[in-house]
Amino acid sequence: MNPGKIEEICFYSKELQEEMELLLYLPSRYSPLYKHNIILASDGKDYFQLGRIGRIADELMEEELIEPVIIVGIPYKTVEERRRLYHPEGDRHEAYIRFLAHELIQYIDETYPTYQIGSSRMLIGDSLAASISLLTASKYPNCFGKVVLHSPFVNKHVLDAVQSIKDPSALSIYHVIGKQETYVPTTADGRLDFLTPNRELHQLIKEKRFPYFYEELEGDHTWKSWQPDIRRALLEINSL
């Protein structure tokens, strides 16, 4: 199996008023003659290094279980900046959402052969990166038709955003949370119970009848739980 290629690119965001360093994965059989699906991963360096998402995509494409895909990882620069961009009450989270939905997607569509429809675009994230992925998909369900959530931070802001989606059939959701995520240490808010609000989110998604996969993992709020789940996530989200 020939591995895909990961390259670093710089992209200036007018919305964020800064240069964004991105990790771009192209499959080994990449050709500009064929269209590709897109995955945007917030916490992008973690998904490549800890989640090994590039290697898993290599394997799934080699086995012809998923269509050709381009993965764009968006790393965060500091823990403090991550919170400002990803947290539902972060002062830059609206600008980050616009960066994803307007600037980054336009750049990828103009530079690479893509389908340019919502059902071909996936957002993926863990913890706060899952929260911002869900908020972005909630605001732009016609732009992003799939979202993968690994243990998202959930509060009223997130629940209200999901409740506001008028056409649940436009957005497929893959959602996992660990059964041990009841006392999770955070950088700014002390220890939080992630499991209970995720169960509330689960009930809301079920009630609104999104195309949906949900499971409670035997694990905690770490990559030890999320990494083994990525293969299934990429398969299940494409079957919803």
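List of remarks:
- In the chain the longest region clear of GluC sites (Glu not before Pro) that are loop-assigned by DSSP and have at most 10 other C-beta atoms within 10 Å covers 90-217.
- Percentage of interatomic Cα-Cα distances in the range 140-240 larger than 22 Å: 29
- Total formal charge among the other residues, if their Cβ is under 11 angstrom from that of ASN2, Lys/Arg +1 and Asp/Glu -1: 0
- To put it simply, the accessible area of the chain at a 1.4 Å probe is 48 percent carbon and sulfur.
- Cβ-Cβ distance of LYS166 and GLN203, R₀ of 25 Å, FRET efficiency by 1/(1 + (r/R0)^6): the value works out to about 0.85.
- Per residue, the convex hull around the alpha carbon atoms of the chain comes to 111 Å³.
- Share antiparallel - DSSP beta bridges, the range 12-78, percent rounded to 5: 45
- Under 5 Å, built H, 5+ apart or other chain: amide partners of TYR115: HIS36
- Cα-centre dipole for the chain with unit charges at Cβ (Lys and Arg positive, Asp and Glu negative), debye to 20: 360
- With 0.36 nm allotted per residue and the present C-alpha distance subtracted, the SER28-THR222 stretch has 66.9 nm of extension available.
- TYR212/LEU50 FRET efficiency (R0 25 Å; Cβ-Cβ; nearest 0.05): 0.45
The values are calculated or read from the model by the stated rules, or taken from the named source; none is laboratory data. For clarity, every value in this text was computed on a predicted model and none was experimentally measured. Ideal geometry is used to build each Cβ from the backbone, glycine not excepted, and the neighbour counts take in all protein chains shown. Areas reflect the complete protein model, heavy atoms only, side chains present, ligands, DNA and RNA absent. Shrake-Rupley method; radii C 1.70, N 1.55, O 1.52, S 1.80 Å.
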